[in-house]
1. Give the stretch 224-241 a look and list any residue that's acidic (Asp, Glu) and touching a residue at least 12 places away in the same chain (Cβ under 8 Å), or say none.
2. Give the residues of the stretch 209-237 that are under 21 Å from Ala269 (Cβ atoms), among the hydrophobic types (A, V, I, L, M, F, W, C) and open to solvent by less than 50 Å² (accessible area, probe 1.4 Å), sorted by residue number.
3. Is at least one residue of the stretch 202-224 touching a helix residue (DSSP H, G or I) at 6+ places or on another chain (Cβ under 8 Å) and at positive phi?
4. Could you say which residue among Gly12, Gly48 is out of contact with any helix residue (DSSP H, G or I) (no Cβ under 8 Å at 6 or more places or on another chain) and at pLDDT below 95?
5. Select the strands (runs of 3 or more DSSP E) contained entirely in the stretch 207-281, then report the ones holding at least 3 residues which are β-branched (Val, Ile, Thr), at pLDDT below 95 and within 30 Å of the chain's Cα centre (by Cα).
6. Residues that are open to solvent by 40 Å² or more (accessible area, probe 1.4 Å), under 27 Å from Pro47 (Cβ atoms), touching a Pro at 6+ places or on another chain (Cβ under 9 Å) and in contact (Cβ under 8 Å) with a residue 40 or more places away in the chain: does the stretch 134-157 have at least one?
7. Could you tell me which numbered condition Asp131 fails, if it satisfies all but one of (1) of a type in the set (D, E, K, R); (2) open to solvent by 90 Å² or more (accessible area, probe 1.4 Å); (3) free of Cβ contacts under 8 Å to residues at least 12 places away in the same chain?
8. Specify which of the listed residues (Ala113, Ala117, Ala152) is within 16 Å of Ser82 (Cα to Cα) and out of contact with any Phe, Trp or Tyr (no Cβ under 6 Å at 6 or more places or on another chain).
Amino acid sequence: MAKGVVRGLFSGVLAAGVLAAAGHVMARSIEAITRPSKDVTLSFVHPGRIGKILVKSGQHVKAGQTLARQDDREELAKFKLSEAQAASTIKIDAAEDELKQKKTDLLKIAAAARERAATVYELQHAKLSVDIAKLSLQLTQFAHAQQQLQLAADKIQLRHMQINTPISGTVEKVYVHKGESVNALAKVVRVVSINPLWIHVPVPLRLALHLKLDEPVKLKFSDGTVKTGKLVRIAEVADAASETLGVRVQVANNSHRPAGEHVRVTFPAGPNVADAKPRKP
């Protein structure tokens, strides 16, 4: 009876060890899905009518390239008016000339007053005219500064009426057509970059504790293709519910495989789970 109990306990321990070992092996190979390394969906800041669509799906674009414009004819006319007003200094020149003339008049009247050829009232009036001319010049300069600010605002408004891609990549989808009216922040164009590809993997915490940045990672794609990627990010906060830590694997994609494939990610073998120790920061 005792031997049976011992045999049963030994079998249980052995089975548990096999399962733990199997679980340990499986934990190193995890299925995930490839994603674009860059993925942006672009919108207009303000509602408006689509004036031009400058790209089409599948087209390669470079960072900074204009993809679409709203109908900006009215805003462009306002900008040109602001530009002309901001460039003109006619009013300032006229105010400066007026001030010079008032100062000259004051000097003449002051000289005449010393010779008793001008009254005190005329002298005071001449001084007041100089003060008013100074204020007039300041107001003109202030108005010109406001015109400069208006020009900057109109320039920003025009910029908001076009969409420039912040990344180089491929146009995945164009959501609108020329002549269509769109609301602010409605989807207009999606641009993605799939070289390199990214794979976000939820790794069991006990395994993740041993991972290091830039480590090679084996990737097996759905068609059997095997590639080597590298670990480029390890999250700082684990998911308490699943006891996993998110990591990001990056792999070159010169063959232009589409994102969205299922791939099996195999991480480098580390120490046994029982010997797991937190990785050093």
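1. Asp239
2. Selection gives Leu209, Leu211, Val217, Leu219, Leu231, Val232, Ile234.
3. Within the stretch 202-224 (the criterion being touching a helix residue (DSSP H, G or I) at 6+ places or on another chain (Cβ under 8 Å) and at positive phi), the answer is no, since none of the residues qualifies.
4. Just one listed residue meets the conditions, Gly12.
5. Ranges flagged: none.
6. Looking for residues that are open to solvent by 40 Å² or more (accessible area, probe 1.4 Å), under 27 Å from Pro47 (Cβ atoms), touching a Pro at 6+ places or on another chain (Cβ under 9 Å) and in contact (Cβ under 8 Å) with a residue 40 or more places away in the chain, one finds none in the stretch 134-157, hence no.
7. Asp131 satisfies all of (1) of a type in the set (D, E, K, R); (2) open to solvent by 90 Å² or more (accessible area, probe 1.4 Å); (3) free of Cβ contacts under 8 Å to residues at least 12 places away in the same chain except (2).
8. Just one listed residue meets the conditions, Ala152.
The values are calculated or read from the model by the stated rules, or taken from the named source; none is laboratory data. Predicted model only: the values in this text are computed from it and were never measured. Note that each Cβ is placed from the backbone with ideal geometry, even for glycine, and that neighbours are counted across all protein chains shown. The area values use the complete protein model at the heavy-atom level, side chains included, leaving out ligands, DNA and RNA. Shrake-Rupley method; radii C 1.70, N 1.55, O 1.52, S 1.80 Å.
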